[in-house]
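The values are calculated or read from the model by the stated rules, or taken from the named source; none is laboratory data. On a predicted model such as this, the values are computed, not experimentally measured, just so you know. Cβ: placed from backbone, ideal geometry, glycine included. Neighbour counts: every protein chain shown.
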């Protein structure tokens with residue numbers, strides 16, 4: 001798993017006026033009630049801290065929702081990181097990951113970002129050094145793929161889980177990985193069922209390769225497809241190509257080189 005330079009912003013302020021966790025978001029369609037991962041993350045921190053505090057949280061969204069990009073999970077992790085600093089809790093990355101694990105399988109990774117090998121249900125995170133940097137073009141088709149549906153389709157359409165290839169197994173044993181190793185090992189089992197239901201996503205993948213990407217894959221269970229480019233110029237050329245289609249949301253971003261940042 002690898003973070004990239006597409007980020008939401010979360011601002012947390014403690015409140016003397018109320019004892020609730022209140023969330024505001026600049027995207028009206030995003031639920032801001034107790035089902036939101038940001039509120040659930042803040043509540044989980046307070047339970048472990050054994051305190052009741054009022055707080056006002058503002059969320060500015062840039063990461064598309066329901067896109068297979070871990071936006072909600074990264075927001076939950078950022079909330080935990082922010083409160084760890086704001087409340088001077090002194091929790092380690094492992095302690096924060098324990099809180100995050102109960103919220104979602106992708107959450108623990110973000111405490112060890114930018115690069116890690118993640119196994120199990122997401123609870124086993126091994127940070128790695130990914131040598132060099134790349135530019136990423138993210139193409140979101142303007143619709144989402146329901147994660148639960150994708151898992152059900154994957155389960156019903158394959159007879160067995162294929163064994164890891166030599167290139168994939170090697171990633172589990174190393175603490176320093178090259179992009180060439182990633183390119184050789186990269187695949188996504190979700191592509192078979194998701195592309196069957198949404199052939200436009202297969203076309204986006206092929207188009208990214210045609211535009212010069214070293215590799216392209218469905219991100220998570222979709223619906224975003226990403227391409228990995230060696231240089232910014234080629235990535236921006238591909239970005240311009242996809243921007244001609246108004247239904248798409250397209251981003252060109254560098255791979256991230258540091259952890260999530262908590263500013264005072």
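The table below gives the values:
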| item | result |
| --- | --- |
| Filter pass, residue 149 being assigned by TED's automatic domain parsing to the domain that holds residue 239 and either touching a helix residue (DSSP H, G or I) at 6+ places or on another chain (Cβ under 6 Å) or closer than 25 Å to residue 254 by Cα (or both) | no |
| Every residue from region 106-142 that is under 13 Å from the mean Cα position of the chain (by Cα) and not in a loop (DSSP other than H, G, I, E, B) | 108, 109, 110, 111, 115, 116, 118, 138 |
| Lone qualifier among 121, 134 - being modelled with pLDDT of 90 or more and either out of contact with any strand residue (DSSP E or B) (no Cβ under 9 Å at 6 or more places or on another chain) or within 22 Å of residue 63 (Cβ to Cβ) (or both) | 134 |
| Conditions (1) modelled with pLDDT under 95; (2) more than 23 Å from residue 2 (Cα to Cα): number failed by residue 185 | (2) |
| Filter result (within 22 Å of residue 164 (Cβ to Cβ) and surrounded by fewer than 18 Cβ atoms within 10 Å (Cβ to Cβ)) within region 84-116 | 105 |
| Residue 145 being within 17 Å of residue 71 (Cβ to Cβ) and not in a helix (DSSP H, G or I) | yes |
| Qualifying residue in region 144-156 (condition: modelled with pLDDT under 90 and farther than 25 Å from residue 6 by Cβ) | no |
| Top-ranked residue in region 235-263 [being closer than 30 Å to residue 88 by Cβ and in contact (Cβ under 8 Å) with a residue 60 or more places away in the chain; ranked as surrounded by the fewest Cβ atoms within 10 Å (Cβ to Cβ)] | 258 |
